[in-house]
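Throughout, read-outs are computed from the coordinates displayed, never taken from laboratory work. Keep in mind it's a predicted model, so treat the numbers as computed, not measured. We place every Cβ from the backbone using ideal geometry, glycine too, and count neighbours over all the protein chains shown.
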Amino acid sequence: MTYRLIVVPGDSDELRALQSTFSDDVAVQTLDTANEALWEVRNDPPGVIIANVELPGMSGIDLAEILPNFGAPTRLVLWSRRSDPQIARQVAGFGVHHIVHRDMALDDLRDLIYRELREAATTQAEEPPPVSAPEPPPVSAPEPPPRPVRQPKDESSAHAEPPRPTRQKAETPRPAEPPPARPAEPAHRPARRRDGPLVLTPEDQRAIRLRMEALDRDVGSKCIILADRAGMVLAETGLTIGLPTMVLLPLLSTSFSTAGQITQMLRETESSALYVHEGSHYDLYCFDIAQRLMLVIVFDKSGTPAKIGSVWVYAKRAIRDIQELLG
C-alpha cells in the first residue's frame, strides 16, 4: 500500500529533508503554501499533511482552522521552531493531531508520520461496512395474501348494485378530512418563522454593505452577494452584470438543503457549509450562514485568481461580523 503525504515546509530545512527519510511506500509531495495544500485536499485528500506554523500568506494555524471544514480524513501535524503553549491554545479544537518542534529527531518525526499515515488508512477502511440492511424487505413480502379474500365480498354486493350509497359515504368523510389537517399546520408555522424572509433596516444594510466591501478588498473578488435561503438579494457589492443571479441564487440554496438535514441528524447547534465552483470563467464560493443566509463570492478568472485558503479565512471573519450585526 502506498501512503500519500503532503509537506508544506516554508523555510524549514528540517521539513524539506523529511522526504528523503521515507521509503517507496510513501508518496511525498512538497508544496510552497497552505493554500496549495487545501486545493489538494479538495481534489485528492492525502493521508497526512505536515506544515510549518510560519508560512507565507496563510499560516499553519489558519490551515488547522480551515481543514476540518472540508470533511476530509486528512490528518494534520504542525511543525514549530520552538515549543509555544500559545500555539497549542490557538489550535485547540481544530483537530490537529500533533504539534512537533525543531528539537525532535528526524527519525522520530518520520516514525510519528508513519503512525499517522497508518491511522488515516485504517479509519478510511473502516467507514464502508454498514451494508447489511437489505434483509428485512423479503420478510415483509409474504404478508399481503389475506387481502384478496375480501374480493368475493365485493362480488356479492355487485348483484345488489348498491355502489351509489357507498359513494355517498365516501363523499361525506371528505369534508371531514380537511379540518384535522388544518389545525396541524399552525403547529409547524411558529417553528418556521425563523426561516421566513429577513427584513433589514437601512442601518443594517449600510453596516453589512460596508463589511462586504471590506471583504471584497481582502479577497479581490468580482462581486459579493448576501441572500436569504429563498434566493432574494439582501445586499451586494461589486459588479453583478452578466451573472444570472435570479436563477443562480435559488440553485445555490437547494445545494444547502442536504447540509441542513445533516446538521439536524447530528443535533448540531451551529454548523457551516461551503459550495465551491471552479470554472473556466468564474470561481464561485457560497457560504451557508446559520442555515438562513448565503454569502456568495464570485471571482473573475481574467482578474485576481481566487485562493481557497484566504477566501475561507476572510469570509469566516466577515460571516461572524455579519451575524453580530444581525443580532
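Values for this structure:
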read-out	value
19 Å reach of a label modelled at L251, 7 Å along Cα-to-Cβ, counting backbone N of the range 219-241	222-233, 240-241
Highest-first arrangement of 66-72, 117-123, 80-86, 296-302, where packing means the average Cβ count within 10 Å	296-302, 66-72, 117-123, 80-86
Förster radius 25 Å - calculated FRET efficiency between M104 and F70, Cβ distance, rounded to 0.05	0.40
Peptide ranges 212-221, 104-113 listed from the most packed, as the mean C-beta count within 10 angstrom indicates	212-221, 104-113
Added length on full extension, which subtracts the Cα-Cα distance from 0.36 nm per residue, H281 to D218	20.6 nm
Sorted by Cβ neighbour density within 10 Å, fewest at the top, the residues E324, E236	E324, E236
